Amino acid sequence: MKIAFMFPGQGAQTVGMGKDLYDKYEEIRSVYQIASEISGKDIAEITFNSTMEELSKTENTQLAIATMSLGILKVLEEKGIKPDITVGLSLGEYPALISGGYLNFEDGITLLKHRGYLMGNEVEPGNYSMAAIIGLNSDIIEDVCKEISNKGMFISPANYNYSDQTVISGDEEAINLAIEELKARGAKRALKLQTGGPFHTVKLNRAKELYTEYLKNVKFNKENIKAKVIKNLDGTFYTENDDMVDILSRHIVSSVRFDKAIKTMQENGIDTYVEIGPGKTLTGFVKKENKEANIININSVETLESFLENFNKGE
């Protein structure tokens, strides 16, 4: 068995997510407590008892999702379960780096605290929207974005989720225009998303610049790595020669290439894909590329205990 741990990103959050895990496992409660002390936010309160509006603020969402994922990861690690490869979607790259051994827990939470705040607050003013384009080659999507950009509007691919789905971000007017044009060019579906921020575009350049200063204070580990970690930037593995400050700062303004990450996992013989945290987004992407893939979601006591039981049986 070759296992990949996958960690979800923003958009997977729901009020109350992980509450049953928090109630049952002392190790998970400890992760929430430490993360709250580091961040200065009561992450359990925000996750379990706030409104969806409050939880969905970027500065809260990133910490809440990562803390849930890291709590589950703690249980798996204490059971001796280790991945061969780890990967995350956007903020999920931080739990992936922690799981792989490149980043310690304390620094990871500290970085996400600043990253979430900056991405939520240091954005070039504008009326932005995002849309998922399904069933159309990304080359066509890129061409349409360029055509609309040449008309003086802002639009850009933000997330390449899998070969048949790309998320675009831009001005509201530009997104509306792109949806109509992409449908005309054969897109099966073009759906506006609830998330409206211009994430993973140049509109976050100011956030990138400020975040770089926080990254410079962190010591990244590149020795005795526990698992290979895939970069969002290009779908390749981190190496000991990588400039982590440069990569993680550019991560904020660069498109997420989860499509390439899926190919990298396939090429490296991954047969079991375990999504750790809320939702089923990433396993959904994998399944679109490989209907035979063994996918597992761990987001509740039931799913965690089922995984542990099956793992111990060698299934």
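The values are calculated or read from the model by the stated rules, or taken from the named source; none is laboratory data. Not measured: the values here are computed from a predicted model. Virtual Cβ from ideal backbone geometry, glycine too; neighbours counted across all protein chains shown.
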Assuming S50 fulfils every condition listed in (1) farther than 22 Å from F199 by Cα; (2) in contact (Cβ under 8 Å) with a residue 40 or more places away in the chain apart from one, which condition is it? (2)
Specify the residue that is surrounded by the fewest Cβ atoms within 10 Å (Cβ to Cβ); the eligible residues are those in the range 288-311 that are of a type in the set (A, V, I, L, M) and farther than 25 Å from K260 by Cα. L308
It is to be established whether one or more residues within the range 83-99 are farther than 24 Å from K280 by Cβ and surrounded by fewer than 24 Cβ atoms within 10 Å (Cβ to Cβ). no
What number of residues in the range 174-215 are hydroxyl-bearing (S, T, Y), touching a residue at least 40 places away in the same chain (Cβ under 8 Å) and over 16 Å from V123 (Cβ atoms)? 1
Among the residues of the range 176-186, is any part of a loop (DSSP other than H, G, I, E, B) and either over 21 Å from V253 (Cα atoms) or at pLDDT below 95 (or both)? yes
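So that you can scan it fast, the table gives a plain yes or no per residue for (1) over 18 Å from the mean Cα position of the chain (by Cα); (2) in a loop (DSSP other than H, G, I, E, B); (3) of a type outside the set (D, E):
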{"position": "L63", "(1), (2), (3)": "no, no, yes"}
{"position": "L76", "(1), (2), (3)": "yes, no, yes"}
{"position": "P83", "(1), (2), (3)": "no, yes, yes"}
{"position": "Y94", "(1), (2), (3)": "no, no, yes"}
{"position": "L97", "(1), (2), (3)": "no, no, yes"}
{"position": "Y102", "(1), (2), (3)": "no, yes, yes"}
Find all pairs meeting these conditions: Cβ atoms under 6 angstrom apart; at least six residues apart or on different chains; first residue within the range 268-281 and free of Cβ contacts under 8 Å to residues at least 24 places away in the same chain; second residue in a loop (DSSP other than H, G, I, E, B) and among the acidic types (D, E). none
If you scan the range 238-255, which residues turn out to be under 20 Å from I3 (Cα atoms) and either assigned to a helix (DSSP H, G or I) or touching a residue at least 60 places away in the same chain (Cβ under 8 Å) (or both)? Y238
In the range 92-147, the residues that are over 17 Å from K208 (Cβ atoms) and small (G, A, S): G92, A96, S99, G100, G101, G108, S129, A131, A132, G135, S138
What is the one condition in (1) touching a Ser or Thr at 6+ places or on another chain (Cβ under 8 Å); (2) under 22 Å from G269 (Cα atoms); (3) not charged (D, E, K, R) that M68 does not satisfy? (2)
Given the options D84, D42, D107, name the one that is among the acidic types (D, E) and free of Cβ contacts under 8 Å to residues at least 60 places away in the same chain. D42
For residues that are over 27 Å from C145 (Cβ atoms) and of a type in the set (S, T, N, Q), scanning just the range 173-228, find the one that is surrounded by the most Cβ atoms within 10 Å (Cβ to Cβ). N221
Determine which member of the set R250, R189 is touching a helix residue (DSSP H, G or I) at 6+ places or on another chain (Cβ under 9 Å), at pLDDT 95 or above and not assigned by TED's automatic domain parsing to the domain that holds G284. R189
Within the range 132-157, tally of residues that are buried (at least 23 other Cβ atoms within 10 Å of the Cβ) and outside any helix (DSSP H, G or I): 2
